[in-house]
Amino acid sequence: MPGYTPGMKTAVSVPDDLFTQADRLAKRSRRSRSEVYSAALREYLARHAPDEVTAGLDAVLADIGQADTDGFTRTAARRTLESSEW
């Protein structure tokens, strides 16, 4: 079906100025607005993935009885993940 985007559909309210910017980007890049919004959400989620990894590392340390009381491990892990190419 032409024009049909497979996948979950959802309605999201965004401010008018944000919609206008996304619409312009979609037209400039010859992509649909759905593709632009999906790409933006993927990037946002990827940026927040280090938070999940850090929480997992903290849980492991707590399980083995070596809680990170000074935050060193959390800071080191975050810096490593932020400098890594995903």
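The values are calculated or read from the model by the stated rules, or taken from the named source; none is laboratory data. These numbers come from a predicted model, not from an experiment. Cβ coordinates were reconstructed from backbone atoms using ideal geometry, including for glycine residues, and neighbour counts include every protein chain displayed.
Within region 32-45, residues that are under 16 Å from G7 (Cα atoms) sit with their Cβ atoms under 6 Å from residues that are of a type in the set (S, T, N, Q), at 6+ positions apart or across chains, in these pairs: S34/T5. Can you tell me which residues in region 32-86 are among the hydroxyl-bearing types (S, T, Y) and either more than 27 Å from A11 (Cα to Cα) or surrounded by 11 or more Cβ atoms within 10 Å (Cβ to Cβ) (or both)? Of everything in region 32-86, those that are among the hydroxyl-bearing types (S, T, Y) and either more than 27 Å from A11 (Cα to Cα) or surrounded by 11 or more Cβ atoms within 10 Å (Cβ to Cβ) (or both) turn out to be S32, S34, Y37, S38, T54, T69, T73, T75, T80, S83, S84. Within region 16-71, the only residue that satisfies the criterion of being charged (D, E, K, R) and at positive phi is R30.
Looking across region 11-30, just one residue is outside any helix (DSSP H, G or I), more than 20 Å from the chain's Cα centre (by Cα) and surrounded by 10 or more Cβ atoms within 10 Å (Cβ to Cβ), and that is S29. Every listed requirement among (1) modelled with pLDDT of 80 or more; (2) on the phi < 0 side of the Ramachandran plot; (3) not small (G, A, S) is met by W86 save one, (1).
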